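Values quoted throughout were computed directly from the atomic coordinates according to the rules given, and no laboratory measurement underlies them. What you see is a predicted model, and the numbers here were worked out from it, not measured in a lab. Here the Cβ positions follow ideal geometry from the backbone for every residue, glycine too, while neighbour counts run over all protein chains shown.
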Amino acid sequence: MSPIFDVNVGVRQDSALSFILSALYLSPLIYILEKYLKNLKIPISIISFVNDGLFISQSKYFDISNSHLFCSYNILSNLLKKFSLVVEHSKTETFHFNRSCSTFNPPLLNLSLLEGNILHPNNTWKYLGFIFNRKLTFHQHVNFYANKSISTVKCMKIIGNSNCGINPFQKCLLYKLCILPIVLYGFQLWFYKHMPMSYHLKTLGKMQRWATIWILGVFKTSPLYGIKVIVKLVPIHLHLLKLGSRSQLCTNKLPPSHLIQSLIKSHLNTNSCFDAVSLNSLINKQYVLVKGYLIDSANRFNECFLSFDPWNLEFSPGL
């Protein structure tokens, strides 16, 4: 290691080096924070992405959950001061998940004693571009990115109205490269078996209709399936099936120490600390009731042959 020296040059937040430096600086802080919470027996989970931290508390009662969050926030604020870091209280927010169908009025979280704000629980929560609601239906998530894609389609009409213009083939290419990645961002959150997806597919179908009409330049009353055949666009639900199946198979190519592999097949990683929450810890009755992307990925592992598994011993000669 080099000797200690002063640095008077900063690193931008979008720089590739900022993620590495932030991880090196924040790892000891998170380790100390977890030790504090464990010694105080406060059941809080911590997730951090660069400078965006998250406290997760699970409880049947709001008072208990808010007290755990208050204590954790107090410990974190004191640790950050010791690390010469500052908490942006204005960006702090709270959110509650709830499966009840009755009226839901969660209490406030008062952080004014810790120089914070009085937090009012939001109806939606946006984290790393994913928009969550209280029942995890992801309607707001699909609406946001579908509207964003439709706005992109309307803006692209300017390209088609220029002097030279672009032909339908180029428009179709723009749709596949610029619009589909936007509207399908995070589709694994809501696209899995036994998930009610009628609302999601209806919203995405409207987006695809706008794009198809723009590509061909036809009337709005044109039959949808006919113009899709002319443009050679795959219906959105079939396109999601293709992407979903491919992404599920790709999980088998991850190394055994990866987080997803630890949750699906914890026996592959002897040092895994996720045995208690892995799928292997579920009994058969629980496994049938659980729904989600990880369950679909685990069920598809039997479709992977040796030639698909890059970590198989047969592909490691000399060992």
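Starting from the coordinates of the alpha-carbon atoms of the stretch 16-122, obtain the Kirkwood hydrodynamic radius over all distinct pairs and give the value in Å to one decimal. About 15.1 Å, per the Kirkwood formula over Cα pairs.
Can you compute the equivalent ellipsoid semi-axes for the chain, i.e. the square root of 5 times each eigenvalue of the Cα gyration tensor, sorted largest first and rounded to whole Å? List each step's numbers first, then the result.
Working: eigenvalues 312, 156, 121 Å².
The equivalent ellipsoid of the chain has semi-axes of 40, 28, 25 Å.
Relative to the longest principal axis of the Cα atoms of the chain, the long axis of helix 16-39 lies at roughly 50 degrees. For the stretch 221-227, the Karplus equation 6.51 cos²θ - 1.76 cosθ + 1.60, evaluated at θ = phi - 60°, returns couplings of 8, 5, x, 5, 5, x, 6 Hz by residue, with Gly and Pro reported as x.
When ranked by the protection proxy of mean other Cβ atoms within 10 Å per residue, highest first, what sequence do the peptides 148-157, 86-95 form?
Values: 148-157: 15.7, 86-95: 13.1.
Packing proxy ranking, top to bottom: 148-157, 86-95.
Charging the Cβ of each Asp and Glu at -1 and of each Lys and Arg at +1, and nothing else, the dipole of the chain about its Cα centre rounds to 1340 debye.
Treating each Cα of the stretch 132-247 as an identical point scatterer and summing with the Debye formula, the log10 of I(q)/I(0) at q = 0.10, 0.11, 0.19, 0.20 Å⁻¹ comes to -0.31, -0.37, -1.02, -1.11.
Between Lys154 and Asn39, the modelled labels are 5.7 nm apart [label points 7 Å from Cα along Cα→Cβ].
Please find the FRET efficiency linking Lys193 to His120, where r is the Cβ-Cβ separation and R0 is fixed at 22 Å, and quote it to the nearest 0.05. Don't skip to the end; give the middle numbers.
Values: r = 36 Å, r/R0 = 1.64.
With R0 = 22 Å, the Cβ-Cβ based efficiency is 0.05.
Evaluating 6.51 cos²θ - 1.76 cosθ + 1.60 at θ = phi - 60° for every residue in the stretch 54-66, the Karplus couplings come out as 9, 9, 10, 10, 10, 6, 7, 10, 5, 4, 5, 5, 5 Hz, glycine and proline recorded as x. By other beta-carbon atoms within 10 Å, ranking Phe5, Phe97, Phe219 with the fewest at the front produces Phe5, Phe219, Phe97.
First measure r as the distance between the Cβ atoms of Arg246 and Phe219, then evaluate 1/(1 + (r/R0)^6) with R0 = 41 Å and state the FRET efficiency to the nearest 0.05. Calculated value: 0.70. Checking the cross-link pairs Lys41/Lys253; Lys91/Lys148; Lys154/Lys202; Lys171/Lys291 against a 26 Å limit on the alpha carbon distance flags Lys41/Lys253; Lys171/Lys291 as lying beyond it. For the chain, averaging the sequence separation of C-alpha pairs within contact (under 8 Å, six or more residues apart) and dividing by the residue count gives a relative contact order of 9 percent.
If R0 is 25 Å, what FRET efficiency do you get for Phe83 and Leu17 from their C-beta distance, rounded to 0.05? Numbers along the way, then the final one.
On the way: r = 19 Å, r/R0 = 0.78.
My answer for the efficiency is 0.80.
3J(HN,Hα) along the stretch 124-135, derived from phi through the Karplus expression 6.51 cos²θ - 1.76 cosθ + 1.60 where θ = phi - 60°, amounts to 10, 9, 10, 9, 6, x, 9, 10, 9, 10, 5, 9 Hz, with x in place of Gly and Pro.
A simple charge model with +1 on the Cβ of Lys and Arg, -1 on the Cβ of Asp and Glu and nothing else charged puts the dipole of the stretch 1-91 at about 300 debye relative to its Cα centre.
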